[in-house]
Structures are given as C-alpha cells and as structure tokens.
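Everything below concerns the one structure shown next.
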Amino acid sequence: MLLIGAEDEEKWLAEGIAGIQHNAFYLHRALDSNNLRDALKYSAQMLSELRTSKLSPQKYYELYMRAFDELRILEMFFKDESKHGVSVVDLYELVQHAGNILPRLYLLCTVGSVYIKSKEAPAKELLQDLVEMCHGVQHPIRGLFLRSYLAQISRDKLLDIGSDYEGDAETVMDAVEFILENFTEMNKLWVRMQLEGPGRVREKREKERSALQELVGKNLHVLSQIEGVDLEIYKETVLPRVLEQVVNCKDDLSQYYLMDCIIQVFPDEYHLQTLEMLLAAFPQVQPTVDIKTVLSPLMDRLSKYAASSADVLTEFLQVEAFTKLSNAIEKVIEMQVDMPAVGAITLYVSLLTFTLRVHPDRLDYVDQVLGACVKKLSSIPKLEDRWATKQLVALLSAPLEKYNDTVTALTLSNYPRVMDHLDNGTNKVMAMVIIESIMKNNTCISTADKVEVLFELIKGLIKDLDGATDELDEEDFKDEQNSVAKLIHMLYNNEPEEMLKIICIVWKHTMAGGPKRLPFTVPSLVFSALRLVRQMQGQEGDIVGEEVPATPKKIFQLLSQMIEALSAVPSPELALRLYLQCAKAANGCDLEYVAYEFFTQVFVLYEEEIANSKAQVTAIHLIIGALQRMNVFNVENRDTLTHKTTGYSARLLKKPDQCRAVYACSHLFWVDGQDGIRDGERVLLCLKRALRIANAAQQMASIARDSSGPLTLFVEILNKYLYYFEKGNKQITAAAIQHLIELINTEMQSDSATSDAFLASTLRYIQFQKQRGGVMGAKFESIKL
Amino acid sequence: MNFLIGAFKPACNISITFSDGKSRKQVPMKKENGKTIMVSLFQSKESIAGKVSIEPLQGKKIEHLGVKVELLGQIEMYFDRGNFYDFTSLVRELDVPGDIYERKTYPFEFSTVEMPYETYNGANLRLRYVLKVTVSRNYGGSIVEYQDFMVRNYSPPPSINNSIKMEVGIEDCLHIEFEYNKSKYHLKDVIIGKIYFLLVRIKIKNMDLEIRRRESTGSGANTHVETETLAKFELMDGAPVRGESIPIRLFLSPYELTPTYRNINNKFSVKYYLNLVLVDEEDRRYFKQQEIAIYRQQDS
C-alpha cells in the first residue's frame, strides 16, 4: 500500500478515465434523447469513478477534471426543464435517491446550482443545505474536491447574490456565510490529510497537500471578489472567522498558506483597517510556521500602499500602523521561543523597511526597531549563522540607503549595539559599507560627538577586536585602512575649535589601532590637522586672547606626537615626509622654533632610522626641497641646517648620488624671491664640489667599465651652471661655462661615446639664447660652442 | 388442473367487471408467473360492485346447478403452497340452477366490505383478495373464474411520533449518537437525522444506512423469519474525526416498502428496521438496528 508505484497509479488513472468516458458516452446518448432517468443513472455511474482511493491528489485532479467537464453538460441539461419535464424542485429530490454518497452529492450540487439560479427557493436555504450535506464526505481528498466543485459551481451565482444590493445586506451575508462554512470544512479536511498514513511519508504527504492548497485558498479568493463584502463585513465577519479557523486548525502548512492568502487576496485598505486583528493571529500560530515570509510581504504591501497617496498616509497614522506591527512582531518573537535568529532579524528588516518607507521622518521608530532587535539578540553575543548575519547587514544598511546621509545613522543610539552582534569579519564589512555610504554621498561629519559615534561604529576597522583571529588578507586590510584614511578627510568643521576636537578624537581612536594601521591613518590625520593650521593662518587676526583652545602651537604639539608614534612603528620614511610637511606649515605660521624642531626630528630620523642608501637619496632630496623654501629661520639656524644637509649630501654612498645631492644643495644658497638668500659664492662652491665628485666618478667608471654615466653628470652640472648664469649669479661666469663645455667635449672624444641627446639639447638651448639677442643674448654671446 | 382446462375447452367465457372500473385507480400487481398486471385498487369498507357475464360458446348451452360470486381474502404460505387460508369469505348467489343459452349478465354488490389487511406479496407468503365466480355443474366439473384486486388501507398520521435518539458505542473505541427525526414514517416520507461522532478511535471507511424488512411467519416453534435489505444508502465516505456531525436524508419513495404489519390474522408480521452500519478499514462492521413503523398515508 505504501509503495504504490507510479506505473500502477498511471494504470489506475487510465482505468478511471476509461470508466468516465464509457459512462459519459451513454450519458450523452441519454441527454440527446432527453432521457432523464438514464442521464441520472449514467452520470451517477460516471461519478462513481471518483470514489477511488488509489490516486495521488495530482492524478485525482485529472480524473476530477474529466468528470467536471461532463457535469457542465449535465448542468445545461438540468437547466432546461423543457427537455426533461421535471421541475427543479423534484429534480433536487430525485438526485438524492442515489445510493452512493459521492455521486449523489456531486449531482446534488449540480442541481443545486440550477435551483439557486432559478430563484424558486431562497438561495440561503439551498446553500446552507448543500454545504451541510457535503459533510457526508469525510475522506480528505474526495471531500476537498467535492467542496471545491461546490465552490466552483456556485461561484458565479454567489457573485450575483453577493453583488445584489436590490435586496438587502442579508443576501450578501448569506453568500459570505456559505463560503466561510465551505472554507472552514475544506480547511479541516486539508489539515486532516496530514494525519493520514504513517509518519515516514510525511514529506510526501506535505507535498501532496501543497498541491491542494489552491482548492482551499480559492474560497478566500471568491470572498474577495464579492462586491458586497465591504470593509464592515470583512472586519465583522470574514476576517474573524477566517482567522479563527487558521488559529484553531493548529497546522503549520495551513496556517502559513492561509495567512499568506489573506494578505494576498484582500485589498491593502482592509488590512490597514484590520491590522490589529490580523496581527493578533500571528503569535497564536504554530511555532514551525515561517512567519517572516508571511509578515514581510504584508509590510511590503502596506508600505507600497502608503506610498500610493498622501491621504492613505494619514490613515496609517490614524491606525498607528507602526506601533501595531512593532508590537505584533515583538509578541511573535516572544511566543516563538525557538524561532531562529535569522527569522527574527528578517522580521525586523521588514519592519524597518516599512518604517523607512512610511515614516521616513520618524527616526525614533527606526531606533526603536533596532532596539528591539538588540533585545532579541541579547542572548547571542556574536552571530554565527551566515543567513542571520546577512539579514543583520541588510538591517543595518537599510537606514544608510534610505537617508543618503550617514549622519542620520549616527543619531540612532541602537545602531552600534546592533553592530556589536556581528562577527568580526562582517562587522568590518558593515563598517566599510558605512564608509562607502559617506564617501558616496559626500557627507561631511562636522561635530565631535558624531565623529565619536562614527568611530565607535567602525571600530572593527580602527583596532583589533577582541578574539580576532589574525588571518587577514593583506589586500583587504589595505583597502580597509585606505577607506578609513579617506574617511578622515570627510570629518570637517569650519570652527577651528570643533575641528581640533574632532582631530583629537580621531587621534585617540587611531592611536589604539596599533602599528599596523598607523601608516595608513596618520598621514590623513596629519594633513587634516595641517589644513586646520592653514585655515587658522588665514584668519589669524581673529585669534585673540589666551582662552582660545585651538592654536597652531597646540596643533603642532599634537602633530609631533602623531608623527612620533609613526616613527615608532617604525615607518621612518613616512614620518620624515610628514615632519617636513609640518615644518612647512610651521614656516607658514612663522613659528621658527617649531619648524626647527621638526627639522631636528627629520635629521634625527635620517641619522638613526634611514639606513637604506636609496631611501637616503630620496630623503636628502626631500630635505633639500623643503629646506630651500623655509624662510622663517634666522641665519644661524639656517646655517646649521644647510650645513647639515650639504654634509649628508656629500656622504652618500654612490658617487653619482653624491654629485646630484651636492649640486641640488646649491639651491639652498640661492632662493628666488624678494628676501631670498643669494650667496653666489657658496653656490659656486657646491657646483665645483659636484664637478669634483663627477670627475672622481668618471675615473672610477673608466677603471671599472665603460659607462656613459659620469658624462650625464657633467651635462647636469652644466645645466645648473646655465641656470645660475641666467639668474645672474655673478660667480658663475661665461668662462666657467665655456670651460665646462670644453671639458665635456674632451671627455666625449676620449670616451668615444655616441652623441648624447641631453648634451645636444643643452647646447641647442645655449645657441638659442645666443640668437635671441637682448640682454640674455648678450650674456650668452661670450660662450663659444 | 390447468392442463385439464386447457385440454377441454371451457364451455363458456366468464368475465368479471367492476362497475366503476374505468374510473378506479389501477395498480400493478405481480403474478406468480412473474408477470405484472394492472388491477383495481380498493380499500376497506368500500363497496365492491360489478357485473359477471357468462357467455356460452357458440351454439352450446350450459346446464348449471347455480351461479355464485365469492369475495375471498386469502393467506397463502409458500411452504404450504396451494393451501389457502381464507380470512374473509363473502358469497352472493347470482342464479338458481338452470340453463344458459346465450350471454347472460349478473350484477353483484358486496357493500362496505371489511378488508382489514392489505394485499401483500412477501418472501414466504402472500395475502390476496380475489373475486371468484363459480358456475356449478353436475358433470364436467364446475367452471370457475377469478378476478384479483388489490387492497390498500390508509392510516392517519400518528398523533405521537417521537424521534429516535440514541447513544451507542464500543468502549474506548467508538461512540456515536444518532438521531432519526421520527419513529413512524409514511411510505413517501423522508428520514432526516444526523450522526454525531463523540469518539473515534477506529479507522472508519464508510457508513451506510440500511432499510431492512423482517417478515416472520408461523408462531411458536414454527416461527420462520426472513430478513431482506431493501435499501443500502451510503451516508458517509471516509473517516470522520471527533465532533463531526453527519447529516442523514433518506427518501423512502424509491424503495418498495409496505406498511408495517403486526400479527396479521395470527399468521405473519412484517416489520421494518433502520440499520446503521459502520465499516472500518479492515472491513469489520459495526451496526445498530432500530425499528421504525411505516404506515400508508392517503395521498393528498
């Protein structure tokens, strides 16, 4: 019995269909000859095929449809009294003579529908009788199909009756009562299917039941189509009765389907006005019902409905839709202790979406939803479930997307508390989402409080969280930290005082991030602080009095702390660059000793931390560049610093590097501008020294191997000569240049090197200057090529 | 006897006609040979009047010792076939002894005849009413002709007609409560009722309501009972659950029922029962039988 093969089933179905066809043939003959007696006999025999217990619901449906088609023909025959000569009243009795209940009831329903249409008896009584008589079929599948037939065949009549306002409201109620009664009985049968057969075919049973759900739901559909069912009737009769059935049947499949069905078939307006009643049913359903997939569409529909017009929106406020939904969800979660976290969170996501759509102005609602979620999650410190995590991210992302303004999220007190429940990885992802949202919307976060909250939110990125396993992807880490660095630039306030506060807070947080993060975050912070400094510089006049908390001095103190932390990482090269930036800024603020202090730090770093020769070269050039622009130093300080610089330049490892550093140093003594230093002698000294080094390099190269390197150096030095010559350095004479050119030419010949493009352009330039005439042309006149 | 009559042609044709034969209701009656004929219908205390006409065969005369017509009410037991017990016997002499040369017609009348019992055709017996015309002769035997007619008696609706309501069951297994709206039904009546399931622990497959006829003949040690199921009407398909209430609506008109007959002339009784049968999935039957009374109601 259990192992019914598909083949056997096919065979039984084929037999059933053959039986129906056979009897239908004789039925048609009887109908053609207007023979009522035979028509009843053969139709009853035909319907007997539906008494089978051997078929699955799908196959039974096939059989049913065959019989259904025949019954439509029979119904036409019944309708036409002239054909059979029996009044519909008598016909109604006649069909009840059939001995077997199933054919009897099918025929009764068929005649009944004709009877109702004829209006020879009150529809109410007939409907009542039909729905009552159908009690005789208690077999779930056969009963469901029979009642489904009843619903089907009476449908158009019901719609007529239900829409018939010419009578009174009672006729509508008759139709409604009938459908509700039939619906209740069908649901009972449907639920009972579950109890049939042993437990191990449960899954199959459920599948079979799902195939039949439409039959039950059809009733609700018809109810929704009856015009006479207005809000009043829906509220007073339809919904309470349907919900009563839903709750009492205690069957999860049925509860799930029917709740969904109610939500789908009836208009949104009704749902809104009966929200309390509808929601009250949810906590009462079985714990296994997947409430979230039912409630979510409801909220979705309602929020769309709310968006449809402004009038509707006021209705939402009137019925306090949010409060009701929120309470219902809370109750559901309370009742269903075993509901997995993912279910609860999904519900909150839906509620939040609803809130954001319907009450975008009510941030307190949003916070309330988040708060409720936190409450639910309080027992679980970190979410392990992947789906739950996903939902939680959705929950947190929703307000960000809605408001396009992350600042809003910062005002939600429960937001960080929800984030706490994410695992570390997801927490970071969420933090990234927040940052991206800020970047995308170009949101400026302008108060210290908000910054504090923000950093609390993204703390997953800012520091190592407790229990974090360090299996980070290097690339990811870089991305994350770069984002944080970008974020720092978005923190801005025009008020220096507030800005300083912001900087302090950010510093406090980033400091906790440890050596790995500092190289990423400190530069941003430093530049952010320097911007403040420059800003204050611009409004210097305004800063008066001793009470002003934000002074450049203070900021510089803070800056040196920051960079010091960086050099401890160690990240000396970066620190060095930042020190130089600071020095420049200090220069701008006319704070000599501060700038000097920064340079001191630079040299200390250079000496102690930068050992790599390449790095040294870069560092030296940076130092030279920075120092050249400093104008704040007095002669003494400046001498000290330039002296140090030239000294370091000459002590570089490689000769070419030495040479280049030294001729670069020449610029330290020649600064353009009004009060720039113009110490031509020392410039010449530097250049000569560079030449010497170049010579030495050339000799070394020729001993070791052929190389055109040193020649380039000479050309470079020549260019420096030309530069200073044009600038009017009296120490650089045309003769010296002439001499240098000749030197290069000699070297070229001995070296038998191919013509050098750099040299050629340089010479072309001299030629050009000569031909240009004027003062410059006269100056160059004496140089012979 | 019959073949003798067949062998010797009867000397005359005898026909019996009722005076209101044209207007009187004709009803079908099954003969012993299985054929159905239409016969006139009477009820008790009606006058039965008519004519008997005797027509000798062409050119023959009939010498007779007298002509009479009898109205007989007979009970015939099938185990004692051919032996009639006459519970009613009325005689009208139609002619004194003499000769009949040509067709001769005699009117007769039995006024307000008591016919307390109905015509009945049962499993083991029959009760019939017949008019018997006898032309007595000295030789060649008497010439006899029969005319059946049917008697049905109507009862007024009973003044007391309680419903039948009962709770039955098997302990911890099945408890039902059933109700039939009346205990006395007329022949065209409808049985309305319901079965209420108080407890269901067995897997019921279906439930039928049967109408059974119990015909008992004889008395004492010789009592012979024959039970026949006249109707098998399915009330329920499938297994109900506790609290389910199944409606009953059974029209009696399609079935060939008779009224209940109680101790007819000390010879027999015919009683009717409603038998509620539940069948479980292992085809075990659980039933409860209840007697109902059936009466004939005058058609309105």
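Quick one: longest stretch of chain A between exposed loop GluC sites (Glu not before Pro), exposed meaning at most 10 other C-beta atoms within 10 Å and loop per DSSP?
A:548-785
How far is helix A:552-567 tilted, in degrees, relative to the longest principal axis of the Cα atoms in chain A, given as a value from 0 to 90 rounded to the nearest 10?
The helix A:552-567 is inclined about 80 degrees to chain A.
Let me make sure I get this right: for region A:311-458, a, b and c are the square roots of the gyration tensor eigenvalues over alpha carbons, sorted descending. Under 1.5 in a/c it's rounded, otherwise prolate if a/b > b/c, else oblate. Which is it?
Details: a/c = 2.06, a/b = 1.14, b/c = 1.82.
Since a/c reaches 1.5 but b/c is at least a/b, the shape of region A:311-458 is classed as oblate.
Using a 1.4 angstrom probe on the protein heavy atoms only, could you order B:180, A:270 from most to least accessible area?
Descending accessible area places them as A:270, B:180.
Leaving ligands and nucleic acids out of the surface, order B:295, B:85 by accessible area at 1.4 Å, largest first.
The residues order as B:85, B:295, largest area first.
Residue B:22: which lysines have alpha carbons under 26 Å from its alpha carbon, excluding same-chain residues fewer than 8 sequence positions away?
Correct list for residue B:22: B:30, B:31, B:35, B:45, B:51, B:68, B:104, B:132.
So which lysines can residue A:508 reach, going by Cα to Cα under 30 Å and dropping same-chain residues fewer than 8 places off?
Here the lysines satisfying the reach criterion relative to residue A:508 are A:382, A:428, A:440, A:450, A:459, A:463, A:478, A:486, A:516, A:553, A:554, A:584.
Could you do me a favour and compute the accessible area per residue for region A:267-395, 1.4 Å probe, result in Å²?
Per residue, region A:267-395 has 44 Å² of solvent-accessible surface.
Using a 1.4 angstrom probe, figure out how much accessible area region A:123-266 has per residue, in square angstrom, rounded to the nearest whole.
Accessible area per residue: 38 Å².
Just to be sure I follow the rule: in region A:1-121, considering lysines 8 or more places apart or on different chains, how many pairs have Cα atoms under 14 Å apart?
So the count works out to 4.
Using only helices, what value at 222 nm comes out for chain B when you add -39,500 (n - 2.57) per DSSP H run of length 4 or more and divide by the total residues, to the nearest 500 deg cm²/dmol?
-500 deg cm²/dmol
Once the convex hull of the C-alpha atoms of region B:2-151 is built, how many Å³ does it hold per residue, rounded to a whole number?
Numbers: hull volume 18.9 nm³, N = 150.
Hull volume normalised by residue count: 126 Å³.
Please list A:645, A:746 in order of solvent-accessible area, largest first, computed with a 1.4 Å probe with all protein chains present. Mind dumping the intermediate values first?
Details: A:645 0, A:746 80 Å².
The residues order as A:746, A:645, largest area first.
Give the distance, in whole Å, between the Cα centre of region A:192-253 and the Cα centre of region A:30-72.
27
Would you grab the residues whose amide H sits under 5 Å from the one on residue A:137? Only those 5+ places off in sequence or on another chain, please, with H modelled 1.01 Å from N.
Counting only residues 5 or more places away or on other chains, the set is B:237.
Cβ under 15 Å from residue A:252's Cβ, residue A:252 left aside: what net charge do those residues give with Lys, Arg +1 and Asp, Glu -1?
+1
Tell me, what is the 1.4 Å probe accessible area of residue A:379, in Å² to the nearest 10?
We get 100 Å² for residue A:379.
Counting only protein heavy atoms, what percent of the accessible surface of chain B is carbon or sulfur at a 1.4 Å probe?
47
Computing the accessible area with a 1.4 Å probe over protein heavy atoms, can you report the carbon and sulfur percentage for region A:123-266? Display every interim value, and only then the final one.
Numbers: 2570 of 5520 Å².
Using a 1.4 Å probe with all protein chains present, region A:123-266 comes out at 47 percent carbon and sulfur.
One-quarter of the Cα convex hull surface for region A:123-266, in nm²?
For the Cα atoms of region A:123-266, the hull's average projected area reads 8.1 nm².
Classify region B:164-295 as rounded, prolate or oblate, taking a ≥ b ≥ c as the square roots of the eigenvalues of its Cα gyration tensor: rounded when a/c is under 1.5, otherwise prolate if a/b is larger than b/c and oblate if not.
prolate
Return the tail of the calculated pair distribution for the protein assembly as shown, meaning the percent of Cα-Cα pairs more than 48 Å apart. Don't skip to the answer; put the middle values down first.
Working: 361876 of 588070 pairs.
Beyond 48 Å sits 62 percent of the P(r) for the protein assembly as shown.
For the interface of B with A, what's the total buried accessible surface in square angstrom, probe 1.4 angstrom, rounded to the nearest hundred?
Details: alone 16810 and 36710 Å², together 51850 Å².
Counting both chains, the buried surface is close to 1700 Å².
Specify the angular offset, from 0 to 90 degrees and rounded to the nearest 10, of the alpha carbon long axis of helix A:101-118 from the longest principal axis of the alpha carbons in chain A.
Helix A:101-118 and the main axis of chain A meet at about 90 degrees.
In the protein assembly as shown, with Lys and Arg counted as +1 and Asp and Glu as -1 at Cβ, which of these residues, A:487, A:424, A:16, has the Cα nearest the positive end of the dipole, that is, farthest along it?
Going by the Cα projections, it comes out as A:16.
Less than 19 Å apart at the alpha-carbon level, and either on another chain or at least 8 residues along: which aspartates and glutamates does that give for residue B:203?
A:196, B:171, B:172, B:177, B:234, B:237, B:244, B:280, B:281, B:282, B:283
If you average 1/r over every pair of different alpha-carbon atoms in region A:26-135 and take one over that average, what Kirkwood value in Å do you get?
Working: mean 1/r = 0.0698 Å⁻¹.
Mean inverse Cα-Cα distance, inverted, gives 14.3 Å.
Please give the solvent-accessible surface of residue A:374 in Å², to the nearest 10, using a probe radius of 1.4 Å with every protein chain present.
That residue has around 10 Å² of solvent-accessible surface.
Count the net charge of all other residues whose Cβ sits under 13 Å from the Cβ of residue A:422, scoring Lys and Arg as +1 and Asp and Glu as -1. Intermediate results must be reported in sequence, preceding the final value.
Values: positive: A:382, A:386, A:390, A:417, A:428, A:459; negative: A:384, A:385, A:420, A:423.
Its environment carries a net charge of +2.
Would you pull out the residues with amide H under 5 Å of residue B:46's amide H, same chain only if 5 or more places away, H placed 1.01 Å from N?
B:113
Accessible area of residue A:534, 1.4 Å probe, to the nearest 10 Å²?
120
For region B:252-279 and region A:584-643, what is the centre-to-centre distance using only Cα atoms, to the nearest Å?
Measuring centre to centre over Cα atoms gives 128 Å.
Quickly work out the residue A:553-to-residue B:199 label distance, labels modelled 7 Å from Cα along the C-beta direction, and quote it in nm with one decimal.
10.0
Out of the total accessible area of region A:1-121 (probe 1.4 Å, heavy atoms of protein only), what percent is carbon and sulfur?
With neighbouring chains kept in place, the figure for region A:1-121 is 50 percent.
Using only Cα positions of region A:267-395, each an equal point scatterer, no hydration layer, compute I(q)/I(0) via Debye at q = 0.09, 0.11, 0.14 Å⁻¹ and quote the log10 values to two decimals.
Taken in order of the listed q values, log10 I(q)/I(0) reads -0.24, -0.36, -0.58.
Send over a whole-number figure in Å² for the accessible area per residue of region B:164-295, probe 1.4 Å.
Roughly 46 Å² per residue, with all protein chains present.
In terms of the Cα gyration tensor, with a ≥ b ≥ c the square roots of its eigenvalues, is chain B rounded because a/c is under 1.5, prolate because a/b exceeds b/c, or oblate?
Numbers: a/c = 3.33, a/b = 2.72, b/c = 1.22.
Note, shape of chain B comes out prolate.
Residues of region B:204-245 with accessible area at least 50 Å² lower in the all-protein-chain context than alone (1.4 Å probe)?
B:233, B:234, B:237, B:244
The values are calculated or read from the model by the stated rules, or taken from the named source; none is laboratory data. Keep in mind that this is a model prediction, so the values were computed, not measured. Ideal geometry is used to build each Cβ from the backbone, glycine not excepted, and the neighbour counts take in all protein chains shown. Keep in mind that these areas ignore ligands, DNA and RNA; they rest on the heavy atoms of the full protein, side chains included. Shrake-Rupley method; radii C 1.70, N 1.55, O 1.52, S 1.80 Å.
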